[in-house]
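**Student:** Before we start, here is the structure in question, set down as structure tokens.
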Amino acid sequence: MNNRSFSRIQLAVIAIIVCALFVNIFWLFECIFFPERISEDISGEINRFITVRPLLPGRGIVGYISDDLTAEEIERAKEEIAGTEVTKEIARTKINEEISTIRIYIAQYALSPVILVRSLHYPLIVGNFRHSNPDLDIYRKQGLIPVRDFGNGVVLFKRESK
């Protein structure tokens, strides 16, 4: 190995270290000067589920529904992204997919050890909606009976017995 290739390797390693340091310093700066931004968002979301927790079983599986994207919408967006120019609508769909995933993870954390599954085929279903007063008639048509609307976008449903 000659000195020229060795200096290129050194330069590449130094560039990676500088980039990593920059990202970490930026993150540290944000945590020090704006800690409430991160903690308030997550703790506020977790607190939305405090009132529903006592109505769920101690453990087991509960259904989960939201007004986020459906699995079909997410798959359609992924198909559209493959090999095409990304439009604003496709980009918005991709962002919504990520937000939807974050929302179910936060709900899962708040309601553990109960396991949430995106399905309507369980006796109890937790609804996690972006708006504090969702249109419950849409879900009644799907065979879900609202047990309690907590007024903060969280609704507990039970499956209609047939």
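**Student:** Which residues does the label zone of LEU55 cover in region 140-160, counting backbone N under 12 Å from a point 7 Å along Cα→Cβ?
**Tutor:** Within reach of a label on LEU55, which here means backbone N under 12 Å from a point 7 Å along Cα→Cβ, region 140-160 contributes 145-159.
**Student:** Let me ask something else. Please arrange LYS141, LYS158 by counting, for each residue, the other beta carbons lying within 10 Å of its beta carbon, fewest first.
**Tutor:** With the sparsest Cβ surroundings first, the list reads LYS141, LYS158.
**Student:** Another question, then. How charged is the neighbourhood of LEU144? Take every other residue with its Cβ under 10 Å from the Cβ of LEU144, and add Lys/Arg as +1 and Asp/Glu as -1.
**Tutor:** Counting the neighbours of LEU144, the net charge comes to +3.
Read-outs throughout are calculated quantities, based only on the coordinates presented, and are distinct from any laboratory measurement. Small disclaimer: the values here were computed from a predicted structure and weren't measured. A quick note on method: Cβ atoms are made from the backbone with ideal geometry, for glycine too, and the neighbour counts reach across all protein chains shown.
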